[in-house]
């Protein structure tokens with residue numbers, strides 16, 4: 001989008017704060033991953049900030065997720081959230097955690113033949129840290145950058161988007177036009 005999405009206004013807050021607030025309600029620990037030197041809106045002291053490794057900075061969400069997992073324990077379970085998805089709710093996060101069962105991961109997916117740009121929504125998925133960390137390490141060593149490959153390599157449960165209690169949590173804003181339209185929609 002060409003701008004720091006984390007600091008973009010979203011109602012009375014910022015996009016990052018809109019994502020972090022429900023995570024604080026649903027999770028024992030919240031980790032935010034940023035680029036080295038990136039300015040972030042003020043966050044509660046309980047939020048842990050981790051920077052992308054300098055040698056892999058700006059290499060995509062797979063590297064960012066790996067950096068975030070470094071702040072967690074192997075037996076932790078993590079909900080992956082994106083700054084540009086400010087419709088997240090604690091209810092949606094808890095619902096995804098409940099779908100994990102004995103799997104290593106759970107991820108929302110669009111039906112086959114969907115007109116959506118992405119079939120899988122990894123930045124609304126859940127991972128067990130222990131199995132995810134080595135899978136991601138291997139992918140990064142192989143030069144991969146697509147986060148969805150993590151879910152393809154793990155024992156993952158796919159949840160149809162139609163089953164999500166709040167499918168709006170998947171709505172993202174990747175262009176200035178989409179962001180401005182959403183802001184206008186929210187203020188009307």
* Candidates 86, 112, 108 - the one that is assigned to a loop (DSSP other than H, G, I, E, B) and touching a residue at least 40 places away in the same chain (Cβ under 8 Å) -> 86
* To do: Working only within the stretch 164-178, note down all residues that are touching a residue at least 60 places away in the same chain (Cβ under 8 Å) and in contact with a strand residue (DSSP E or B) (Cβ under 9 Å, 6 or more places away or on another chain).
  => 164, 169, 170
* Just a yes or no: is a residue in the stretch 48-64 touching a helix residue (DSSP H, G or I) at 6+ places or on another chain (Cβ under 7 Å), assigned to a loop (DSSP other than H, G, I, E, B) and more than 24 Å from residue 141 (Cα to Cα)? -> no
* Please verify whether the stretch 175-187 includes one or more residues that are under 16 Å from the mean Cα position of the chain (by Cα) and surrounded by 14 or more Cβ atoms within 10 Å (Cβ to Cβ). => no
* **the stretch 150-163, residues that are out of contact with any strand residue (DSSP E or B) (no Cβ under 6 Å at 6 or more places or on another chain), closer than 24 Å to residue 86 by Cα and touching a residue at least 40 places away in the same chain (Cβ under 8 Å)** => 150, 160, 162
* Asked: Which numbered condition trips up residue 69, out of (1) surrounded by fewer than 19 Cβ atoms within 10 Å (Cβ to Cβ); (2) closer than 15 Å to residue 30 by Cβ?
  -> (1)
* Structure fact -> Here the residues within the stretch 4-25 that are touching a helix residue (DSSP H, G or I) at 6+ places or on another chain (Cβ under 8 Å) and either buried (at least 19 other Cβ atoms within 10 Å of the Cβ) or closer than 15 Å to residue 82 by Cα (or both) are 5, 6, 7, 8, 10, 14, 15, 16, 22, 23
* Structure fact -> Taking the stretch 138-188 and keeping residues over 19 Å from residue 62 (Cβ atoms) and assigned to a loop (DSSP other than H, G, I, E, B) leaves 164, 165, 166, 171, 173, 175, 188
* Return yes or no: is residue 119 more than 14 Å from the chain's Cα centre (by Cα) and either within 28 Å of residue 17 (Cβ to Cβ) or at pLDDT 95 or above (or both)? => no
* Structure fact -> With criteria (1) within 16 Å of residue 77 (Cα to Cα); (2) in a loop (DSSP other than H, G, I, E, B), residue 135 comes up short on (2)
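The values are calculated or read from the model by the stated rules, or taken from the named source; none is laboratory data. Please read these numbers as outputs of a predicted model, since none were measured by experiment. Every residue, glycine among them, receives a Cβ derived from its backbone with ideal geometry; neighbour counts consider all protein chains shown.
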